1. Please verify whether Q320 is modelled with pLDDT under 95, surrounded by fewer than 17 Cβ atoms within 10 Å (Cβ to Cβ) and assigned by TED's automatic domain parsing to the domain that holds R161, treating the condition exactly as stated.
2. Given the condition farther than 25 Å from N191 by Cα and assigned to a strand (DSSP E or B), answer yes or no: does some residue in region 90-97 qualify?
3. Out of (1) more than 24 Å from the chain's Cα centre (by Cα); (2) in a loop (DSSP other than H, G, I, E, B); (3) under 30 Å from V40 (Cβ atoms), what's the single condition that is false for G130?
4. Kindly indicate whether E300 is part of a loop (DSSP other than H, G, I, E, B), over 20 Å from R212 (Cα atoms) and modelled with pLDDT of 85 or more.
5. Checking D220 against (1) surrounded by fewer than 20 Cβ atoms within 10 Å (Cβ to Cβ); (2) under 22 Å from the mean Cα position of the chain (by Cα); (3) at pLDDT below 95, only one condition comes out false. Which one?
6. Considering only residues that are modelled with pLDDT under 90 and charged (D, E, K, R), look in region 254-293 and name the one that is surrounded by the most Cβ atoms within 10 Å (Cβ to Cβ).
7. Only one of (1) more than 30 Å from P223 (Cα to Cα); (2) part of a helix (DSSP H, G or I); (3) hydrophobic (A, V, I, L, M, F, W, C) is not met by F47, so which one is it?
8. Tell me which residues, restricted to region 48-82, are of a type in the set (S, T, Y) and either more than 17 Å from Q108 (Cβ to Cβ) or touching a residue at least 60 places away in the same chain (Cβ under 8 Å) (or both).
Amino acid sequence: MAIARRGLFAILLSATLALAGCIVLPIPTSEDKVLAGTPVAEAQLAFIGPGVTTQAEVVGRLGQPALVWEDARVFVYQWDMRQGILLWAIGAHVTGAAGKTDLPSHHQLLIRFDEGGRVQRFEHRKRPSGVSVAQSIREWLGLPIPEPAGGDRVLAPVLVRIDLTIDGAPETPFPRPTFTVDPLFAFGLGNLETAERLSAAIRHRHLSDASRRAGWVVFDLAPGTWYLGVIGPESNPTPSWQGLARQAEAARQAESIPRWRIDVPGDARAVYAGTLRVAGRTGGKLMFGNRIIRPVPGDEPLVVDESGLAAALLAAEAPQAGPPRSVLMQRWRPGEPLVFRSPLPAASAPTSTPSPAPSSTR
(Lines give C-alpha, C1' and ligand atoms only; values in the text may rest on other atoms or scores of the structure.)
Protein backbone atom coordinates (compact mmCIF):
# COMPACT_ATOMS: atom_id res chain seq x y z
CA MET A 1 0.00 0.00 0.00
CA ALA A 2 2.79 2.43 0.92
CA ILE A 3 4.66 1.70 -2.34
CA ALA A 4 1.49 2.18 -4.37
CA ARG A 5 0.80 5.46 -2.61
CA ARG A 6 4.30 6.76 -3.31
CA GLY A 7 3.86 5.73 -6.96
CA LEU A 8 0.64 7.68 -7.10
CA PHE A 9 2.45 10.72 -5.74
CA ALA A 10 5.05 10.51 -8.52
CA ILE A 11 2.41 10.11 -11.22
CA LEU A 12 0.45 13.07 -9.95
CA LEU A 13 3.50 15.28 -9.77
CA SER A 14 4.68 14.27 -13.23
CA ALA A 15 1.28 14.94 -14.72
CA THR A 16 1.12 18.28 -12.96
CA LEU A 17 4.50 19.46 -14.16
CA ALA A 18 3.58 18.47 -17.71
CA LEU A 19 0.78 21.00 -17.71
CA ALA A 20 0.69 24.72 -17.16
CA GLY A 21 -1.05 25.89 -13.98
CA CYS A 22 -0.87 24.69 -10.41
CA ILE A 23 -2.33 22.08 -8.11
CA VAL A 24 -2.56 21.54 -4.36
CA LEU A 25 -3.29 18.02 -3.17
CA PRO A 26 -3.67 17.01 0.51
CA ILE A 27 -2.87 13.35 1.27
CA PRO A 28 -3.97 11.98 4.69
CA THR A 29 -1.45 9.97 6.72
CA SER A 30 -1.42 8.26 10.08
CA GLU A 31 -0.27 10.42 13.02
CA ASP A 32 3.15 8.84 13.35
CA LYS A 33 5.43 11.88 13.20
CA VAL A 34 5.89 14.58 15.84
CA LEU A 35 6.14 18.05 14.30
CA ALA A 36 6.34 20.16 17.48
CA GLY A 37 6.19 19.78 21.24
CA THR A 38 6.27 16.62 23.35
CA PRO A 39 3.28 14.26 23.06
CA VAL A 40 1.54 13.11 26.24
CA ALA A 41 0.27 9.53 25.94
CA GLU A 42 -3.01 8.43 27.49
CA ALA A 43 -1.11 6.02 29.77
CA GLN A 44 0.78 8.98 31.26
CA LEU A 45 -2.48 10.43 32.59
CA ALA A 46 -3.37 7.45 34.76
CA PHE A 47 -1.90 9.08 37.87
CA ILE A 48 -4.26 12.09 37.69
CA GLY A 49 -7.16 12.01 40.13
CA PRO A 50 -9.60 14.95 40.32
CA GLY A 51 -9.60 16.45 43.80
CA VAL A 52 -6.41 14.56 44.68
CA THR A 53 -3.53 15.32 42.29
CA THR A 54 -1.72 18.62 42.92
CA GLN A 55 -0.09 21.06 40.52
CA ALA A 56 3.34 20.03 41.79
CA GLU A 57 2.59 16.37 41.06
CA VAL A 58 1.42 17.20 37.54
CA VAL A 59 4.61 19.16 36.80
CA GLY A 60 6.71 16.43 38.39
CA ARG A 61 5.21 13.75 36.14
CA LEU A 62 4.52 15.66 32.91
CA GLY A 63 7.03 18.52 33.07
CA GLN A 64 6.32 22.21 32.66
CA PRO A 65 3.26 23.10 30.56
CA ALA A 66 3.63 25.15 27.42
CA LEU A 67 1.14 27.74 28.66
CA VAL A 68 -0.44 28.71 31.99
CA TRP A 69 -3.55 30.86 32.32
CA GLU A 70 -3.28 31.91 35.96
CA ASP A 71 -6.74 33.48 36.36
CA ALA A 72 -8.47 30.37 35.00
CA ARG A 73 -6.05 28.00 36.82
CA VAL A 74 -5.42 26.10 33.58
CA PHE A 75 -2.30 24.27 32.40
CA VAL A 76 -1.94 23.70 28.65
CA TYR A 77 0.32 21.00 27.21
CA GLN A 78 0.37 21.07 23.43
CA TRP A 79 2.02 19.23 20.56
CA ASP A 80 1.58 18.79 16.82
CA MET A 81 1.44 15.49 14.93
CA ARG A 82 1.56 15.04 11.18
CA GLN A 83 -1.89 14.08 9.88
CA GLY A 84 -1.17 14.48 6.19
CA ILE A 85 1.09 15.75 3.44
CA LEU A 86 0.25 18.64 1.15
CA LEU A 87 1.62 18.16 -2.35
CA TRP A 88 1.90 21.23 -4.53
CA ALA A 89 3.09 21.97 -8.02
CA ILE A 90 3.11 25.06 -10.20
CA GLY A 91 4.17 25.81 -13.76
CA ALA A 92 5.46 23.31 -16.27
CA HIS A 93 8.71 21.78 -17.52
CA VAL A 94 11.83 23.83 -16.72
CA THR A 95 9.77 26.69 -15.30
CA GLY A 96 7.83 24.45 -12.92
CA ALA A 97 8.34 23.76 -9.26
CA ALA A 98 6.93 21.22 -6.84
CA GLY A 99 7.18 20.30 -3.19
CA LYS A 100 5.42 18.95 -0.16
CA THR A 101 4.45 20.26 3.28
CA ASP A 102 3.47 18.43 6.43
CA LEU A 103 -0.11 19.05 7.59
CA PRO A 104 -0.26 19.31 11.41
CA SER A 105 -2.86 18.04 13.82
CA HIS A 106 -2.89 20.26 16.93
CA HIS A 107 -3.21 18.37 20.22
CA GLN A 108 -3.91 19.88 23.64
CA LEU A 109 -3.96 18.46 27.13
CA LEU A 110 -5.97 20.91 29.23
CA ILE A 111 -5.85 20.61 33.01
CA ARG A 112 -7.85 22.85 35.32
CA PHE A 113 -7.12 23.15 39.03
CA ASP A 114 -9.40 24.15 41.88
CA GLU A 115 -8.63 27.04 44.22
CA GLY A 116 -6.66 24.67 46.45
CA GLY A 117 -4.30 23.73 43.61
CA ARG A 118 -5.69 20.23 42.97
CA VAL A 119 -6.89 18.89 39.63
CA GLN A 120 -10.52 19.74 38.95
CA ARG A 121 -10.82 18.35 35.42
CA PHE A 122 -8.63 17.43 32.46
CA GLU A 123 -9.06 16.48 28.84
CA HIS A 124 -6.99 15.59 25.80
CA ARG A 125 -8.49 17.19 22.71
CA LYS A 126 -7.64 18.39 19.23
CA ARG A 127 -7.64 22.07 18.35
CA PRO A 128 -8.89 22.89 14.85
CA SER A 129 -6.39 24.83 12.76
CA GLY A 130 -8.71 27.83 12.53
CA VAL A 131 -9.17 28.08 16.30
CA SER A 132 -6.64 29.96 18.43
CA VAL A 133 -5.20 28.51 21.62
CA ALA A 134 -7.08 31.09 23.73
CA GLN A 135 -10.37 30.42 21.94
CA SER A 136 -9.95 26.67 22.43
CA ILE A 137 -9.39 27.14 26.18
CA ARG A 138 -12.39 29.44 26.49
CA GLU A 139 -14.61 26.97 24.65
CA TRP A 140 -13.47 24.21 26.99
CA LEU A 141 -14.24 26.40 30.01
CA GLY A 142 -17.54 27.62 28.57
CA LEU A 143 -16.40 31.26 28.57
CA PRO A 144 -17.56 33.92 26.10
CA ILE A 145 -15.26 35.33 23.44
CA PRO A 146 -13.87 38.69 24.64
CA GLU A 147 -14.52 41.91 22.79
CA PRO A 148 -11.79 43.07 20.40
CA ALA A 149 -9.14 45.37 21.83
CA GLY A 150 -10.03 49.03 21.71
CA GLY A 151 -13.52 50.43 22.01
CA ASP A 152 -14.23 51.24 25.63
CA ARG A 153 -11.29 49.20 26.94
CA VAL A 154 -8.86 51.29 28.98
CA LEU A 155 -5.28 51.14 27.71
CA ALA A 156 -2.37 52.09 29.93
CA PRO A 157 0.80 53.67 28.54
CA VAL A 158 3.69 51.29 29.25
CA LEU A 159 7.11 52.96 29.26
CA VAL A 160 10.32 51.18 28.30
CA ARG A 161 13.73 52.75 27.77
CA ILE A 162 16.42 51.27 25.54
CA ASP A 163 19.87 52.18 26.89
CA LEU A 164 22.08 51.49 23.87
CA THR A 165 25.86 51.57 23.47
CA ILE A 166 27.63 51.00 20.15
CA ASP A 167 31.31 50.08 20.38
CA GLY A 168 31.16 51.13 24.03
CA ALA A 169 29.80 54.63 23.37
CA PRO A 170 26.23 55.80 24.13
CA GLU A 171 23.96 55.99 21.08
CA THR A 172 20.31 56.82 20.46
CA PRO A 173 18.41 53.58 19.72
CA PHE A 174 15.77 55.40 17.68
CA PRO A 175 17.45 57.57 15.03
CA ARG A 176 14.99 59.40 12.86
CA PRO A 177 14.58 57.15 9.78
CA THR A 178 15.68 58.65 6.46
CA PHE A 179 16.55 57.32 3.02
CA THR A 180 19.97 56.28 4.29
CA VAL A 181 19.23 55.70 8.00
CA ASP A 182 17.38 52.57 9.10
CA PRO A 183 15.65 51.88 12.43
CA LEU A 184 17.88 49.95 14.83
CA PHE A 185 15.09 48.23 16.78
CA ALA A 186 11.78 46.52 16.02
CA PHE A 187 9.22 45.21 18.51
CA GLY A 188 6.49 42.60 18.64
CA LEU A 189 3.92 41.90 21.35
CA GLY A 190 2.00 38.80 22.31
CA ASN A 191 -0.70 38.11 24.89
CA LEU A 192 -3.10 35.29 25.73
CA GLU A 193 -4.94 35.81 22.44
CA THR A 194 -1.81 35.30 20.33
CA ALA A 195 -0.23 32.71 22.68
CA GLU A 196 3.30 31.97 21.50
CA ARG A 197 3.16 34.23 18.45
CA LEU A 198 4.34 37.83 18.42
CA SER A 199 2.37 40.49 16.57
CA ALA A 200 3.48 43.81 15.16
CA ALA A 201 -0.09 45.12 15.09
CA ILE A 202 0.43 47.19 18.27
CA ARG A 203 2.65 50.06 17.27
CA HIS A 204 4.97 51.90 19.64
CA ARG A 205 5.20 55.67 19.95
CA HIS A 206 7.36 58.35 21.50
CA LEU A 207 6.13 61.07 23.85
CA SER A 208 8.38 63.68 22.23
CA ASP A 209 11.39 64.06 20.01
CA ALA A 210 13.58 64.52 23.08
CA SER A 211 12.28 61.32 24.68
CA ARG A 212 12.90 59.46 21.41
CA ARG A 213 16.52 60.56 21.39
CA ALA A 214 16.83 59.48 25.04
CA GLY A 215 15.62 55.97 24.15
CA TRP A 216 12.07 56.10 25.58
CA VAL A 217 9.31 54.15 23.84
CA VAL A 218 5.64 53.77 24.79
CA PHE A 219 3.23 50.88 24.20
CA ASP A 220 -0.49 51.37 24.90
CA LEU A 221 -1.63 48.05 26.41
CA ALA A 222 -4.74 46.60 28.00
CA PRO A 223 -4.45 45.08 31.49
CA GLY A 224 -2.98 41.58 31.62
CA THR A 225 0.24 39.83 30.66
CA TRP A 226 2.19 40.68 27.54
CA TYR A 227 5.39 39.31 26.05
CA LEU A 228 7.62 41.88 24.37
CA GLY A 229 9.88 40.66 21.59
CA VAL A 230 12.88 42.82 20.74
CA ILE A 231 14.97 42.73 17.56
CA GLY A 232 18.09 44.86 17.63
CA PRO A 233 20.37 46.62 17.53
CA GLU A 234 20.37 45.63 13.88
CA SER A 235 20.77 47.44 10.57
CA ASN A 236 20.85 46.23 6.97
CA PRO A 237 18.48 44.56 6.45
CA THR A 238 16.09 46.99 8.10
CA PRO A 239 14.36 45.30 11.07
CA SER A 240 11.19 47.28 10.41
CA TRP A 241 7.89 46.35 11.98
CA GLN A 242 6.86 44.88 8.62
CA GLY A 243 9.94 42.66 8.73
CA LEU A 244 9.01 41.57 12.24
CA ALA A 245 5.53 40.67 11.03
CA ARG A 246 7.07 38.35 8.48
CA GLN A 247 9.38 36.84 11.09
CA ALA A 248 6.46 36.32 13.44
CA GLU A 249 4.96 33.91 10.91
CA ALA A 250 8.05 31.70 10.94
CA ALA A 251 7.60 28.42 12.74
CA ARG A 252 10.58 28.89 15.04
CA GLN A 253 10.31 32.62 15.70
CA ALA A 254 9.61 31.95 19.38
CA GLU A 255 13.20 30.79 19.83
CA SER A 256 14.85 33.42 17.64
CA ILE A 257 13.43 36.63 19.14
CA PRO A 258 14.32 37.48 22.77
CA ARG A 259 11.26 38.17 24.91
CA TRP A 260 10.41 39.85 28.18
CA ARG A 261 7.23 39.41 30.18
CA ILE A 262 5.35 42.61 31.00
CA ASP A 263 2.48 42.66 33.54
CA VAL A 264 -0.03 45.51 33.30
CA PRO A 265 -2.12 45.77 36.50
CA GLY A 266 -5.80 46.43 35.99
CA ASP A 267 -5.81 49.56 38.17
CA ALA A 268 -2.62 51.13 36.77
CA ARG A 269 -2.98 54.36 34.79
CA ALA A 270 0.61 54.11 33.57
CA VAL A 271 3.35 51.49 33.91
CA TYR A 272 7.13 51.66 33.81
CA ALA A 273 8.43 48.23 32.72
CA GLY A 274 12.15 48.92 33.03
CA THR A 275 15.20 50.01 31.07
CA LEU A 276 16.77 47.48 28.73
CA ARG A 277 20.55 47.89 28.58
CA VAL A 278 21.78 46.66 25.19
CA ALA A 279 25.19 46.64 23.48
CA GLY A 280 25.96 46.70 19.76
CA ARG A 281 29.03 46.84 17.57
CA THR A 282 30.00 48.17 14.15
CA GLY A 283 30.21 45.44 11.53
CA GLY A 284 31.24 47.47 8.50
CA LYS A 285 29.82 50.29 6.38
CA LEU A 286 26.98 50.65 3.92
CA MET A 287 27.09 52.14 0.43
CA PHE A 288 26.42 55.68 1.67
CA GLY A 289 28.91 55.45 4.52
CA ASN A 290 26.51 54.56 7.31
CA ARG A 291 27.60 51.92 9.79
CA ILE A 292 26.31 48.37 9.75
CA ILE A 293 25.20 47.72 13.34
CA ARG A 294 25.03 44.25 14.86
CA PRO A 295 24.38 42.97 18.41
CA VAL A 296 27.47 42.13 20.43
CA PRO A 297 27.84 38.32 20.29
CA GLY A 298 26.99 36.75 23.63
CA ASP A 299 25.72 40.00 25.12
CA GLU A 300 22.85 39.48 27.55
CA PRO A 301 20.59 42.56 27.75
CA LEU A 302 19.97 43.65 31.33
CA VAL A 303 16.83 45.15 32.83
CA VAL A 304 17.65 48.02 35.19
CA ASP A 305 15.37 50.22 37.29
CA GLU A 306 15.16 53.89 36.30
CA SER A 307 11.74 54.53 37.80
CA GLY A 308 12.78 58.04 38.88
CA LEU A 309 13.54 58.99 35.27
CA ALA A 310 10.26 57.45 34.12
CA ALA A 311 8.28 59.47 36.68
CA ALA A 312 10.05 62.67 35.67
CA LEU A 313 9.38 61.98 31.98
CA LEU A 314 5.64 61.45 32.50
CA ALA A 315 5.38 64.50 34.76
CA ALA A 316 6.89 66.62 31.99
CA GLU A 317 5.41 65.03 28.88
CA ALA A 318 2.09 63.46 30.00
CA PRO A 319 1.11 64.76 33.47
CA GLN A 320 -2.49 63.61 33.01
CA ALA A 321 -1.30 59.98 33.30
CA GLY A 322 0.00 60.51 36.82
CA PRO A 323 3.08 58.76 38.25
CA PRO A 324 3.78 55.37 36.63
CA ARG A 325 3.53 52.05 38.47
CA SER A 326 6.91 50.31 38.36
CA VAL A 327 6.54 46.65 37.33
CA LEU A 328 9.88 45.54 35.90
CA MET A 329 9.71 43.14 32.97
CA GLN A 330 11.14 39.63 33.33
CA ARG A 331 13.16 37.69 30.74
CA TRP A 332 11.42 34.70 29.16
CA ARG A 333 13.46 31.88 27.62
CA PRO A 334 12.48 29.01 25.30
CA GLY A 335 11.38 25.97 27.30
CA GLU A 336 9.78 28.04 30.06
CA PRO A 337 5.98 28.13 30.24
CA LEU A 338 4.20 31.19 28.91
CA VAL A 339 2.34 32.46 31.97
CA PHE A 340 -0.60 34.80 31.39
CA ARG A 341 -2.81 36.89 33.61
CA SER A 342 -6.09 37.71 31.87
CA PRO A 343 -9.16 38.24 34.08
CA LEU A 344 -12.14 35.92 33.67
CA PRO A 345 -15.57 37.43 32.96
CA ALA A 346 -17.12 37.96 36.40
CA ALA A 347 -20.41 36.32 35.53
CA SER A 348 -18.79 33.28 33.96
CA ALA A 349 -16.11 32.44 36.48
CA PRO A 350 -17.18 29.07 37.94
CA THR A 351 -16.17 28.68 41.57
CA SER A 352 -18.55 26.04 42.89
CA THR A 353 -19.26 23.91 39.80
CA PRO A 354 -19.06 20.19 40.59
CA SER A 355 -15.92 18.59 39.22
CA PRO A 356 -16.74 16.46 36.18
CA ALA A 357 -15.31 13.00 35.78
CA PRO A 358 -11.85 12.81 34.16
CA SER A 359 -11.97 12.56 30.41
CA SER A 360 -9.61 11.89 27.56
CA THR A 361 -12.12 12.30 24.77
CA ARG A 362 -11.09 13.97 21.58
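The values are calculated or read from the model by the stated rules, or taken from the named source; none is laboratory data. Remember, it's a predicted structure, so these values are computed and weren't measured experimentally. Neighbour counts run over all protein chains shown; Cβ positions are idealised from the backbone, glycine included.
1. When the stated conditions are applied, Q320 passes them.
2. So far as region 90-97 goes, yes, one or more of its residues are farther than 25 Å from N191 by Cα and assigned to a strand (DSSP E or B).
3. Among (1) more than 24 Å from the chain's Cα centre (by Cα); (2) in a loop (DSSP other than H, G, I, E, B); (3) under 30 Å from V40 (Cβ atoms), G130 violates only (1).
4. For E300, the condition - part of a loop (DSSP other than H, G, I, E, B), over 20 Å from R212 (Cα atoms) and modelled with pLDDT of 85 or more - is met.
5. (3)
6. Once the filter is applied, the top-ranked residue is R291.
7. F47 satisfies all of (1) more than 30 Å from P223 (Cα to Cα); (2) part of a helix (DSSP H, G or I); (3) hydrophobic (A, V, I, L, M, F, W, C) except (2).
8. T53, T54 - these are the residues of region 48-82 that are of a type in the set (S, T, Y) and either more than 17 Å from Q108 (Cβ to Cβ) or touching a residue at least 60 places away in the same chain (Cβ under 8 Å) (or both).
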